[in-house]
Structures are given as structure tokens and as C-alpha cells.
Amino acid sequence: MALAVGLDLLIGEPPSAGHPVAWLGRALGTLEARLPRRTIGDGAAALLAVTGAAVALATVVSRVARRLGRLGCLVEALALKPAFALRRLATAAGEVERALGGGDLVDARRLVGRHLVSRATADLDPALVTSAAVESVAENLADSVVAPLLAYAAGGLGGAWAYRVVNTADAMWGYRGGRYEWFGKPAARLDDLANLVPSRAAAVAIAAGASAVGEDGRGAWRVARRDHRRTASPNAGWPMAAMTGALGVGAGDRPRHSRVHRRRRDRGNGGRGARRARRAAAVTGAARGELDAHGRT
């Protein structure tokens with residue numbers, strides 16, 4: 001896993017056309033098009049089919065890697081790397097921070113809408129752009145970094161890619177109302193279940209990362225416990241609230257764009273949030289290493 005994290009930080013993401021997550025999205029979309037009834041059963045069947053295929057392929061790769069000795073470590077790291085995205089998350093937050101720092105609010109809105117959030121950003125003021133970036137970094141730390149790494153720790157390469165299928169399906173189908181009300185429900189509920197532990201682990205890691213650099217880790221955890229219920233999601237509030245606590249900001253009263261909003265207009269918080277995410281990921285990796293060490297003794 002450490003090698004996979006190193007590869008992520010060194011080379012970042014594969015091209016979109018060759019990215020396994022893009023392949024998963026296309027597979028999910030193809031099955032969706034072939035299931036016109038759009039029932040809960042159809043959604044579950046599509047999710048199960050793609051998950052099964054991904055786990056089967058990942059298991060084959062993992063077995064081959066074990067037979068290759070040291071070269072197999074590289075093979076497995078290369079297969080794990082696309083399942084998470086730490087460098088891309090930090091880079092996206094840094095781009096928003098630089099645009100705000102240069103006074104280019106229009107570009108900051110464009111960047112936060114392109115890379116970090118799915119909601120409309122055209123009317124956001126600088127504080128809300130920063131808030132959106134910080135919240136997205138925190139939430140994505142859980143489901144783009146911590147969750148796949150923990151899934152790998154629990155279930156190997158197959159576990160990591162099973163999680164990535166579920167999370168991708170939730171991103172595509174996990175909407176209330178309209179055409180996904182029933183079809184997307186299995187993906188949404190399973191994603192909620194899959195992120196119960198990672199979201200809380202991410203909050204702990206954010207607090208630990210803050211403490212490691214002499215900041216208020218206890219405050220981050222206190223805010224996480226106090227404010228995590230302020231989101232509609234059962235999970236997203238944990239890392240988001242921990243991040244606001246680590247940055248020394250609090251909840252506010254502008255819920256349309258910010259579920260755990262800032263009180264202080266510090267434009268540097270986007271980049272600080274990205275740095276907290278990197279430290280939290282390091283804590284997660286270290287914890288996984290400890291688990292491995294205990295498992296071998």
C-alpha cells in the first residue's frame with residue numbers, strides 16, 4: 001500500500017480514457033441502459049454484476065502478483081493506485097487556493113465546480129468558494145482515499161475495487177426522486193454502509209494529523225462529534241466537521257451551499273485543508289502498516 005501511495009503522489013492519475021474507474025462507469029452505464037424498468041432489483045443486479053466482475057479481475061491480478069515476488073509488489077501497487085486519488089484531491093484544492101489568492105474569483109468558481117463539487121458555483125462569494133473546497137476535500141478524503149485503503153486492508157485488491165464500484169455507482173445513481181429514486185437506492189444504501197467506518201476513521205485521521213503538527217487535534221475531534229449530524233448524509237459530516245475544527249472555523253448559517261460552514265474568511269483554508277488531507281492519509285497508511293505488523297506477529 002505504501003508503494004501505491006508513493007505512485008499516486010509521484011505520477012497522479014492515469015489518463016481518463018485508460019482509467020479503471022472510467023471503465024467501471026461505462027460498464028455501469030451500459031447495464032443501466034439495458035434495464036429499462038429501473039426497479040430496485042434492476043439497480044441491485046447492475047451493481048452486483050459490475051462488482052463481481054471487478055472483484056474477480058482484481059483477485060486474478062492479486063494472485064498473479066503473489067507469484068512474482070518483488071515484482072509482484074509493484075504489480076499490485078499499480079493495480080491498487082487507481083482506486084484512490086490523494087494527489088488529485090490536493091492539486092484541485094491548491095488550484096482553487098491559487099485562484100482566490102490571485103483575486104480571480106471567476107476562475108476559482110470554475111475550478112471548484114469542475115474538480116470538487118457538483119452543485120452550481122456561479123454565485124459563490126470567496127468565502128463560500130473556500131468553504132466548498134474545504135468541505136469537498138474533507139468528504140473526498142473519506143471516500144476517495146481512506147475508504148479504498150481500508151477496504152484494501154480488509155479485503156485486499158478485491159476489497160478496494162469492490163468499494164470503488166459501489167462508490168462510483170452511488171455517484172452516478174444515488175439521487176432521490178426522478179429516474180434514480182428506485183434504481184439508485186441499492187447503490188446509495190450500500191455506499192452509506194461501506195462508508196460508516198471510513199468516514200469516522202477519516203475524522204480521527206484529520207484530528208491526528210492536526211495534532212502531529214502542533215495544532216488543535218482535540219478541537220477537531222470535538223467539533224466532529226458535535227457537528228457531524230448537520231449533514232443529510234450519515235457519514236459526510238464526520239470528516240467535514242473534523243476539518244472545520246482542525247482549521248479553527250465553525251458551523252454557520254448558509255446551508256444552501258455549505259453544510260458545515262465557515263465563520264472566518266480565510267482564503268488560505270483551501271490549501272490548508274489539502275495539507276490536512278495529506279497528513280490524514282499518512283496517518284491512515286501508518287495505521288494500516290501497524291495492522292499488518294500485528295497480523296504477521
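Can you tell me which residue in segment 25-38 is farthest from the chain's Cα centre (by Cα), limited to those that are in contact (Cβ under 8 Å) with a residue 24 or more places away in the chain and in a helix (DSSP H, G or I)?
Looking only at segment 25-38, we keep the residues that are in contact (Cβ under 8 Å) with a residue 24 or more places away in the chain, and these are 25, 27-29, 32, 35, 38.
Now narrow it down to the ones that are in a helix (DSSP H, G or I): 25, 27-29, 32.
Details: GLY25: 16, ALA27: 21, LEU28: 19, GLY29: 21, GLU32: 24 Å.
Per the criteria, the residue is GLU32.
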Being farther than 29 Å from VAL204 by Cβ and among the charged types (D, E, K, R) is the filter; apply it to segment 99-135 and report the residue that is surrounded by the most Cβ atoms within 10 Å (Cβ to Cβ). ARG109
Hey, could you check segment 222-250 for residues that are in a loop (DSSP other than H, G, I, E, B) and surrounded by fewer than 21 Cβ atoms within 10 Å (Cβ to Cβ) and say which is modelled with the lowest pLDDT? GLY250
Single residue of segment 39-48 satisfying the filter (touching a residue at least 24 places away in the same chain (Cβ under 8 Å) and surrounded by fewer than 18 Cβ atoms within 10 Å (Cβ to Cβ)) that is farthest from TYR163 (Cα to Cα): THR39
Selected residue (only one of THR51, THR91 is among the polar types (S, T, N, Q), under 27 Å from LEU116 (Cα atoms) and surrounded by fewer than 20 Cβ atoms within 10 Å (Cβ to Cβ)): THR91
If ALA138 passes every condition in (1) surrounded by fewer than 21 Cβ atoms within 10 Å (Cβ to Cβ); (2) touching a residue at least 12 places away in the same chain (Cβ under 8 Å) but one, which one does it miss? (1)
If I go through segment 167-179 residue by residue, how many of them are closer than 15 Å to THR39 by Cβ, modelled with pLDDT under 95 and not charged (D, E, K, R)? 1
Expected output for segment 1-24 (first residue free of Cβ contacts under 8 Å to residues at least 40 places away in the same chain and under 16 Å from ALA92 (Cβ atoms), partner surrounded by 12 or more Cβ atoms within 10 Å (Cβ to Cβ) and aliphatic (A, V, I, L, M), Cβ below 9 Å, 6+ apart or cross-chain) is SER16/ALA22
Residue in segment 25-38 that is farthest from LEU89 (Cα to Cα), counting only those that are surrounded by 14 or more Cβ atoms within 10 Å (Cβ to Cβ) and aliphatic (A, V, I, L, M): LEU35
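How about segment 173-207: which of its residues are part of a loop (DSSP other than H, G, I, E, B) and surrounded by fewer than 19 Cβ atoms within 10 Å (Cβ to Cβ)?
Across segment 173-207, the qualifying residues are TYR175, ARG176, GLY177, GLU181, TRP182.
The values are calculated or read from the model by the stated rules, or taken from the named source; none is laboratory data. The structure presented is a predicted model; accordingly, all values stated were derived computationally and were not measured. Positions of Cβ are backbone-derived with ideal geometry, glycine not excepted, and every protein chain shown enters the neighbour counts.
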